[in-house]
Each structure stands twice: as C-alpha cells, then as structure tokens.
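Structure first, then comments.
The values are calculated or read from the model by the stated rules, or taken from the named source; none is laboratory data. Note that the structure is predicted; figures quoted are calculated from it, not measured. Glycine also receives a Cβ, built like all others from the backbone with ideal geometry; neighbour counts cover every protein chain displayed. We work out accessible area using only protein heavy atoms, side chains counted, and drop any ligands, DNA or RNA first. Shrake-Rupley method; radii C 1.70, N 1.55, O 1.52, S 1.80 Å.
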Amino acid sequence: MSAREVVVPAESDGTMEDVESFRLRARSWLADAMPLLPEGMNNHQLSRQDEMGERARYLQRILSGGGFAGLCFPREYGGQGLSRAHQRAFNQESLPYQMPTLFNVPTFSILAATLIEFGTEEQKHRHLPAILRGDELWVQFLSEPSGGSDLAGLVTRATRDGDTFVINGSKIWSSGAFRSDYAMCLARTNSQVPKHRGLTMFIMKIHQPGVEVRQIAMVNGTAEFCQEFFDDVIVPDGDVVGEVDDGWTVASRLLFHERDAVGGGSPYISGVAVAGSGGGAQRSDLVNLAARMGKLGDVRVRQLLAEDRINSRVQNQLVRRISAGIRAGALPPPAGALPRLFAATSTERHLDIALDVAGGSMAVWMDEDSEDANWGEAFLNRQGGSLGGGSSEMARNIISERVLGMPREPAADRDIPFDQVRHN
Amino acid sequence: MEFELTEDQALLRETTLKFLESTCPITTVRELADNEPRGFDPAWWKQAAELGWTSMLVTEDDGGGSVSGHGLVDLALVAEERGRLVAPGPFAPVNVVAEALSRRGTTGQRRRWLPGLLNGETVAAWCLGAPAAGLDHPGTPVVARRSEGNGLVLDGASQPVEAAAQSELLLVTALGSEGGLVQALVPSDTPGVRLHPARCLDLVRRFAQVTFEGVAVDPEWILDGPGTVASGVEQQLQTTVVLECAELAGALDRVLEMTVAYAFDRYSFGRPLASYQALKHRFADMKMWVEACHATASAAAHAVDADAADAAELTSVAKAYIGERGPVIVQDCVQLHGGIGVTWDHDIHLYLRRVVVNRTQHGTPSDHRERVFRAMDAEVSP
C-alpha cells in the first residue's frame with residue numbers, strides 16, 4: 001500500500017516556482033478573475049446556499065482556466081504539481097474571494113486523493129482532469145444503515161455477471177450525493193472469507209437506473225446527508241478501484257485521507273470555508289458574536305474567546321506536526337486520528353463557548369437577531385463533527401491501538417467467514 | 001520530540017540526553033534535593049556550559065552560537081531533554097540574562113558579565129519587579145528613581161525570583177519613577193539588596209524574594225534606553241516562556257511514556273491495564289494533548305527565534321495551552337498509576353512538581369489568555 005502513496009512536498013523543491021513569486025501571481029490573478037465574497041459572508045455560508053453545487057462548479061471552472069486548480073495534484077492529471085507551502089500561500093491570498101470550497105471535502109481531499117493512489121491510468125485520466133475542471137463532484141458510499149463504526153461488516157453485495165458487477169443494498173451518510181456525479185462504493189464480493197477480505201471498491205455513477213437517492217433531514221434543518229438504495233445497479237469491471245476482494249486496502253487509505261481532511265492536514269484543500277477557523281488574520285465568528293453582544297470588555301468572555309483562538313491555533317500546529325511526523329516515518333499513518341480527534345473536541349468546545357457567549361439569544365430570538373439563532377442550530381448539531389468520518393470513540397481506539405500499540409478490542413468476527421458471523 | 005531536525009540538531013539532542021543520563025539521572029536529582037542547598041552542583045553547571053547550554057542565545061561575536069544558527073530552537077531542544085529528566089540548574093534565568101546582554105548590552109556590560117555566564121562560572125537571574133508585558137505584579141513594585149549623575153536608586157520588592165540567591169548578577173526590571181520601565185544590571189552583593197529564600201514545590205529549583213532599599217546603580221549598568229526597554233522585557237518574557245514550555249513538553253512526554261509502559265506491565269483481573277477500553281480512551285486523549293503540547297511549544301520557539309510578527313501571541317498560546325493541560329495530564333497519569341503514584345518513592349511527583357511550577361511562573365494560563373485576546377483584538381482594530 002505504501003508503494004502507492006503519493007507524497008506532496010512540504011516546501012518548494014527548486015523545480016517549482018518560488019512560493020513568494022507564486023503568491024504575488026496568485027494575488028493579482030485572484031483580483032482579476034475571482035468574485036469577492038459578499039460583505040459579512042464566508043464561503044461556508046455561500047456554499048450552503050448553493051444546493052446543487054452550480055456556483056462551486058462555475059468557480060472551479062474559473063480556477064481551472066487560470067491554472068490555479070489542484071495546486072498539489074500531479075500535473076499529468078490536470079493539477080499544478082506544487083507544494084503544501086504554495087497551497088497555504090494561495091489559501092491566505094484567497095481569503096477575500098468566493099471559492100469553490102464545496103469541492104474540498106470529500107471530492108478533492110478524500111476521493112481524488114484515493115483515486116490518485118489506487119486508480120488505473122485510464123480511470124485517473126478519465127476522472128481527475130474532469131474533477132479539477134469542476135465537472136465532477138464525488139462522494140463516498142461506505143456506511144450502511146446496519147452499522148457505521150464496523151465498516152468492514154457491510155452487507156451491500158456486488159455479484160459478478162460476465163464483465164460487469166451487479167450491486168444491491170443500501171448506503172447512508174453520504175454528503176451531497178443528490179448533487180454529485182460519482183461515488184466510490186464499497187461492496188461485498190465474497191461472503192465466504194473473513195469480512196475484510198471479501199470487499200471491493202467500485203466507481204459508481206450516481207444518476208443512473210437502479211440508484212435511488214433520498215435526502216435525510218437533520219436537526220439543524222439541513223438535508224445534506226443522503227441514503228441510497230441500489231436495485232441491480234450495473235457497474236463495469238473497468239470501474240473496480242484496486243483489486244477485486246482487496247477493497248479494504250483502498251478503503252483504509254480512503255479513511256486515512258478522510259481523517260487527514262477532517263483533521264485539517266490534507267494538501268488538496270483549497271480556499272478557506274470559514275475565515276478565522278484556520279488561525280488566519282481575520283476576526284473569528286465568535287469574536288463577532290461577542291462584539292454584537294457588547295461583551296468584548298467582559299473578562300470572562302475574553303478568556304473564552306482567547307481559549308477558542310488558542311484551540312484553533314494549536315489545532316493547526318498539531319496538524320503540521322503530525323503530518324511531518326508521518327512523512328518522516330516517526331509516526332504511523334493512523335496518527336492522523338490525533339488531529340481528527342482534536343478537531344472534533346475543539347469543535348465541541350467552540351460551540352460550548354458560543355453557547356456561553358451568546359446567552360439567551362441563541363435559544364430564543366427575535367427575527368432581526370436571526371444571526372444568533374444560527375449559533376443555536378449549530379449547537380444542536382454539535383456532535384456532527386465527532387460522528388462524521390468515524391466517531392471520536394473510533395479515533396480513540398485507533399490512537400490507543402495503532403499509535404500506542406495497546407491490545408485491540410475483542411471482536412467476535414475475527415478470522416471467521418462473513419457468512420458465519422451474526423450481523424443485522 | 002521534534003520530527004524535522006537537522007543532523008546537527010539531532011546530534012545536539014542526543015548529546016544532551018547522554019550528558020543528562022550519565023551525569024544527572026533522577027537518583028542524582030533526588031540527592032541534590034536532599035543535600036545541595038543550591039539545588040545544583042556548580043562544577044556540573046560548568047560542564048553543561050561547555051556543552052553550550054548558556055551560549056546559544058549569545059552572538060558569535062560575544063563568544064556564543066548554536067548548531068543550526070537558530071539559537072532558541074536549539075536551546076528549546078535542550079530544554080525539552082531537561083524536562084524529560086527534571087534536570088536542575090539555573091537554565092532559563094542564565095540564558096535570558098545572557099541573551100539580553102548580548103542583544104542590547106553595551107560593550108562594557110557584555111565584557112563584564114558575558115564571559116562568566118558563558119563558561120558557567122557566573123549565575124544570573126531575571127528579577128521581574130514590576131507589572132510588565134501584560135503580567136501582574138502583586139505587591140510593592142521595585143521603583144527606580146533617577147539619582148544625581150544619571151544613575152538609579154532602586155527601592156521595593158520583587159516576587160520570588162528563580163536562582164536569585166545563587167546568582168552574582170540580577171537583571172532587574174523596575175518601574176521608572178517618571179513612568180515606563182527601567183532595566184538595570186545589579187550585582188547581588190550591592191549594599192541594600194537582600195535575598196529572602198522562598199520555598200518551592202520543585203525540589204531542585206531555588207527561588208528567593210529580592211528586596212531593594214536605596215540600591216544605587218551607576219549609569220553604566222543601566223540596560224536599555226527608553227526606546228528598547230518595553231520590547232526588551234517582552235523579549236525576555238518570550239524567551240523564558242519558550243524555554244518553560246519546551247521543558248514542560250519534555251516532562252509531559254516522559255510522564256506519558258512512563259504511564260503507558262506501566263499500563264502494559266500492570267495486570268489486574270488477568271489482563272494488562274492497557275487492554276481496558278475505558279483506560280485506552282484516556283490514553284488516547286493524553287497522547288493527543290501531549291502531541292499538541294509539543295506542537296505549540298515548537299511553534300512558539302520557531303516564532304520567537306525568527307522574530308515573527310505573531311511571536312508574542314504564539315508564546316502565549318503555548319503557555320496558556322500547555323500550562324492548562326500539563327497538570328491535568330500528569331494528575332491523570334498519577335491516577336492511572338494507582339496508590340504508588342502518590343508515594344514519595346515514585347518519580348512521578350518530581351514531574352508533577354516541575355509541571356506545576358512551570359505552569360505558574362511568568363504568567364498563568366489566564367494571564368496568557370488575556371495576552372492572546374489582546375493580540376487578536378489588536379489585529380482587528382489597529
């Protein structure tokens with residue numbers, strides 16, 4: 001698996017454009033080509049209004065035309081072949097502009113990142129340039145209604161039929177599947193072997209006969225997450241990613257990229273969804289909230305705002321440290337769970353602090369104060385970040401078992417053929 | 001530990017660790033605590049100085065220098081190893097004073113004091129005697145009046161100062177009687193200087209309150225003019241805090257390492273503690289916190305070394321974060337050790353002592369959170 005690993009250099013390596021001259025070029029191009037963010041809006045809010053992703057596709061097309069799409073993707077697949085340092089410089093320069101941040105997670109940072117490592121040349125040439133041009137949004141079809149944390153225990157079946165596979169079953173928690181074009185779908189191709197050894201990863205076109213996508217209403221009023229139902233969906237065998245029955249290898253790497261993306265370590269994320277969250281020189285949304293409440297002079301509130309700022313600074317510092325440690329081989333790849341857990345717990349703390357700063361208006365508000373109500377709804381979804389992309393409890397298992405080397409949790413299905421294991 | 005070291009830095013780290021393990025293992029630390037009123041052996045301190053422990057923040061022209069040319073980053077590597085072995089010695093105080101002298105001292109001041117500090121013969125302490133750099137100074141500050149002939153006369157009291165009673169030289173930060181801060185170099189045997197030893201949780205560090213009563217300072221021993229004093233004091237604070245944080249990160253790393261090893265060795269109900277999910281999850285959290293402590297300590301060292309625009313903020317981010325988390329981590333490790341963890345014979349209390357003392361000195365986490373708030377407020381409303 002490590003043979004496939006694609007390493008994005010941390011700094012400019014001499015074959016690349018110097019970071020500072022790149023920064024200046026990006027600055028002037030952005031000013032000419034990209035629309036400014038509307039006053040008081042961030043890219044996260046904008047993309048929430050962009051239900052079908054039309055704006056994101058349009059913005060990504062502009063980036064692609066200007067040669068600023070896929071900065072850290074290889075040139076042969078439509079990227080720019082630059083370093084993380086270039087991407088950071090670009091992110092800083094892009095703060096005032098509308099950016100297609102909808103593409104960042106999962107399309108660029110999880111699925112494109114996995115495809116680069118496991119796709120055939122034909123698959124990569126077919127999809128990566130299209131993704132970077134803004135033509136394809138991707139999602140992952142992993143979790144199932146019968147279980148989330150025990151991913152390898154999934155029951156969606158893919159049955160070979162000549163040079164195709166026929167897929168039946170159901171997936172859940174895919175974000176934005178209704179507006180997306182392709183998915184990586186993990187399905188069981190062999191039930192007579194232990195669970196990890198009978199899975200295969202497929203590229204699946206979403207909008208086709210046999211695939212039904214239903215949006216799920218969430219507590220904060222959004223309907224981003226979806227459930228899919230597969231009824232004899234035909235997938236050609238040219239769309240198998242990696243080897244048949246070796247889908248777990250691909251899925252493990254996909255999950256690594258997911259932790260990296262959610263934890264903030266992915267080099268493929270371009271643009272900043274919420275300014276301030278990256279420790280940038282912008283006033284954070286919480287400071288704005290406190291300012292609106294007239295509480296910036298309150299010592300207790302200042303302590304909380306500083307704590308929030310500290311968490312966000314330390315989160316970025318941790319991401320850089322762990323990425324460096326994994327690159328240097330001083331930490332195993334599962335250490336990516338460390339920043340992922342940090343992100344989850346500091347998001348919880350962020351919303352607790354908001355609850356404290358906003359006081360009553362977060363729960364009971366007049367129409368003209370609806371900005372405060374957003375905090376209330378965000379709070380209702382506080383656990384989202386600790387559940388999506390693997391729960392915090394799973395992250396703690398991963399850290400203790402695969403970073404600290406502690407004994408694994410007992411499992412009743414280990415080394416037992418899947419068709420003899422009790423499951424829902 | 002830092003993951004991206006140059007070969008020279010890796011060698012420095014290794015040499016430091018070997019030196020500490022061979023000359024000052026924990027058993028020696030315990031002996032010093034019992035038998036050495038100074039808390040460290042002066043001959044040992046000279047050996048440490050030969051390894052560069054006191055010269056990394058001093059320019060090459062003044063006889064200093066460091067392996068990577070990034071003095072504070074290199075010195076923080078030493079601090080981290082010191083933390084891993086709860087090493088004794090006036091490490092931060094001497095380095096802070098040496099750096100201040102080398103950066104801002106006159107030729108006469110540097111000639112008089114730097115050689116002794118560099119070779120370990122002389123010990124110096126930074127006596128922060130007034131509210132400065134956003135930190136409070138409870139009690140009477142040290143006030144500096146201008147004397148005839150443009151010298152100073154110092155009166156007042158400092159809070160307990162590390163290594164003051166072991167030092168020949170005090171760098172005193174005082175409140176100018178006409179406002180602003182003043183810094184002066186005061187030999188500790190100057191008439192009117194009195195040292196009152198304090199007690200300290202850390203068994204090998206010594207603190208003393210310093211009082212000043214009509215202490216005369218010649219003009220030639222005034223450090224900094226009105227233009228540089230505030231930034232000079234801020235610099236001293238940042239350097240001290242970076243070293244404290246690096247030491248904390250090393251200490252926390254070692255405590256977690258010890259506790260993880262214990263969890264593998266200790267069996268109850270026929271299985272190791274490390275196999276219980278309730279405990280594994282706590283270890284996972286601690287591992288995350290310790291890595292975060294390393295990350296923020298190192299970011300602060302790099303920022304201060306590079307004189308970055310956000311060095312003040314990053315220093316306080318590190319101190320607030322590690323200061324807050326540190327004792328929580330060590331206490332949880334005490335808990336995971338069971339009863340043995342609260343006995344005198346177990347080494348963990350030596351670490352707990354070091355961690356608690358470092359948390360409280362040069363600004364508590366609350367003080368540093370206020371500094372972080374001011375930094376971010378200044379950023380948005382210049």
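Pairs meeting the criteria (first residue in region B:274-298 and more than 7 Å from chain A (Cβ to nearest Cβ) and open to solvent by 20 Å² or more (accessible area, probe 1.4 Å), second residue in a helix (DSSP H, G or I) and modelled with pLDDT of 95 or more, beta carbons under 6 Å, at least 6 apart or on different chains) are B:L279/B:L273; B:W289/B:R325; B:W289/B:I329. Looking at region A:159-172, can you tell me whether even one residue there is assigned to a loop (DSSP other than H, G, I, E, B) and crowded, with 21+ Cβ neighbours inside 10 Å? Within region A:159-172, none of the residues are assigned to a loop (DSSP other than H, G, I, E, B) and crowded, with 21+ Cβ neighbours inside 10 Å.
Exactly one residue out of A:R84, A:R27 is within 23 Å of the chain's Cα centre (by Cα) and open to solvent by 10 Å² or more (accessible area, probe 1.4 Å), and it is A:R84.
Has region B:231-251 got at least one residue that is hydrophobic (A, V, I, L, M, F, W, C) and open to solvent by 20 Å² or more (accessible area, probe 1.4 Å)? No, region B:231-251 has no match at all. Would you check which residues across region B:325-377 are farther than 20 Å from B:G250 by Cα and within 11 Å of chain A (Cβ to nearest Cβ) and list them? Of everything in region B:325-377, those that are farther than 20 Å from B:G250 by Cα and within 11 Å of chain A (Cβ to nearest Cβ) turn out to be B:S366, B:D367, B:H368, B:R369, B:E370, B:R371, B:V372, B:F373, B:R374, B:A375, B:M376, B:D377. Could you please find all residues in region B:138-158 being touching a residue at least 12 places away in the same chain (Cβ under 8 Å) and either in contact with an Asp or Glu (Cβ under 8 Å, 6 or more places away or on another chain) or surrounded by fewer than 17 Cβ atoms within 10 Å (Cβ to Cβ) (or both)? Once the filter is applied, which keeps residues that are touching a residue at least 12 places away in the same chain (Cβ under 8 Å) and either in contact with an Asp or Glu (Cβ under 8 Å, 6 or more places away or on another chain) or surrounded by fewer than 17 Cβ atoms within 10 Å (Cβ to Cβ) (or both), region B:138-158 yields B:P138, B:G139, B:T140, B:V142, B:V143, B:R145, B:R146, B:S147, B:G149, B:N150, B:G151, B:D155.
Going residue by residue through region A:293-302, is there one that turns out to be at pLDDT below 85, within 10 Å of chain B (Cβ to nearest Cβ) and within 29 Å of A:D356 (Cα to Cα)? Looking for residues that are at pLDDT below 85, within 10 Å of chain B (Cβ to nearest Cβ) and within 29 Å of A:D356 (Cα to Cα), one finds none in region A:293-302, hence no.
Here B:E257 clears all of (1) more than 14 Å from chain A (Cβ to nearest Cβ); (2) free of Cβ contacts under 8 Å to residues at least 24 places away in the same chain; (3) under 24 Å from B:G341 (Cβ atoms) except the condition numbered (1). Of the residues screened, A:L63 is not one that is aliphatic (A, V, I, L, M), out of contact with any strand residue (DSSP E or B) (no Cβ under 7 Å at 6 or more places or on another chain), open to solvent by 10 Å² or more (accessible area, probe 1.4 Å) and assigned by TED's automatic domain parsing to the domain that holds A:D18. Among the residues of region A:121-158, the ones that are in a loop (DSSP other than H, G, I, E, B) and either touching a residue at least 24 places away in the same chain (Cβ under 8 Å) or among the hydrophobic types (A, V, I, L, M, F, W, C) (or both) come to 14 in all.
For region B:204-229, filtering for residues that are open to solvent by 10 Å² or more (accessible area, probe 1.4 Å), within 20 Å of the chain's Cα centre (by Cα) and over 30 Å from B:D345 (Cβ atoms) leaves 1.
Residues that are more than 21 Å from the chain's Cα centre (by Cα) number at least 1 in the following strands (runs of 3 or more DSSP E) confined to region B:101-203: B:143-146, B:152-157, B:169-176, B:181-187, B:193-198.
Among the residues of region A:381-400, those identified as crowded, with 18+ Cβ neighbours inside 10 Å and either assigned by TED's automatic domain parsing to the domain that holds A:N220 or polar (S, T, N, Q) (or both) are A:S386, A:S392, A:N397, A:S400.
The set of residues in region B:189-214 that are in contact (Cβ under 8 Å) with a residue 60 or more places away in the chain, touching a Leu at 6+ places or on another chain (Cβ under 7 Å) and not aromatic (F, W, Y) comprises B:L203, B:V204, B:V210.
Applying the set (1) within 13 Å of another protein chain (Cβ to nearest Cβ); (2) part of a helix (DSSP H, G or I); (3) over 19 Å from B:V86 (Cα atoms) to B:A309 leaves exactly one unmet item: (2).
Looking at B:E21, B:E2, B:E14, B:E50, just one residue is closer than 30 Å to B:L201 by Cβ, more than 14 Å from chain A (Cβ to nearest Cβ) and acidic (D, E), and that residue is B:E21. Could you look through region B:24-47, keep only residues that are assigned to a loop (DSSP other than H, G, I, E, B) and open to solvent by 80 Å² or more (accessible area, probe 1.4 Å), and pick out the one that is nearest to the other protein chains (Cβ to nearest Cβ)? Checked region B:24-47; the qualifying residue nearest to the other protein chains (Cβ to nearest Cβ) is B:R38.
Which ones in region B:263-272 are touching a helix residue (DSSP H, G or I) at 6+ places or on another chain (Cβ under 6 Å) and more than 9 Å from chain A (Cβ to nearest Cβ)? Within region B:263-272, B:R266 is the sole residue that qualifies. So which of A:A261, A:A354, A:A251, A:A343 ends up being of a type in the set (A, V, I, L, M, F, W, C), within 11 Å of chain B (Cβ to nearest Cβ) and over 21 Å from B:D310 (Cα atoms)? That would be A:A343, the only listed residue that is of a type in the set (A, V, I, L, M, F, W, C), within 11 Å of chain B (Cβ to nearest Cβ) and over 21 Å from B:D310 (Cα atoms). The set of residues from region A:396-419 being within 21 Å of B:A263 (Cβ to Cβ) and either at the interface with chain B (Cβ under 8 Å from one of its Cβ atoms) or in a helix (DSSP H, G or I) (or both) comprises A:R396, A:N397, A:I398, A:I399, A:S400, A:E401, A:R402, A:V403, A:L404, A:M406, A:P407, A:E409.
Table: residues versus (1) assigned by TED's automatic domain parsing to the domain that holds A:A223; (2) among the hydroxyl-bearing types (S, T, Y); (3) within 20 Å of the chain's Cα centre (by Cα); (4) at pLDDT 95 or above.
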residue	(1), (2), (3), (4)
A:F118	no, no, yes, yes
A:P129	no, no, yes, yes
A:T156	yes, yes, no, yes
A:T159	yes, yes, no, yes
A:D163	yes, no, no, yes
A:S174	yes, yes, yes, no
A:R188	yes, no, no, yes
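Looking at region A:306-319, which of its residues are open to solvent by 30 Å² or more (accessible area, probe 1.4 Å) and at the interface with chain B (Cβ under 7 Å from one of its Cβ atoms)? Scanning region A:306-319 gives A:E307, A:R313. For region B:312-324, a residue qualifies if it is open to solvent by 10 Å² or more (accessible area, probe 1.4 Å) and more than 9 Å from every other protein chain (Cβ to nearest Cβ), and exactly one does: B:A312. Out of all the residues in region A:186-193, is one or more more than 26 Å from A:K124 (Cβ to Cβ), open to solvent by less than 40 Å² (accessible area, probe 1.4 Å) and of a type in the set (A, V, I, L, M)? The answer is yes, given that some residue of region A:186-193 is more than 26 Å from A:K124 (Cβ to Cβ), open to solvent by less than 40 Å² (accessible area, probe 1.4 Å) and of a type in the set (A, V, I, L, M).
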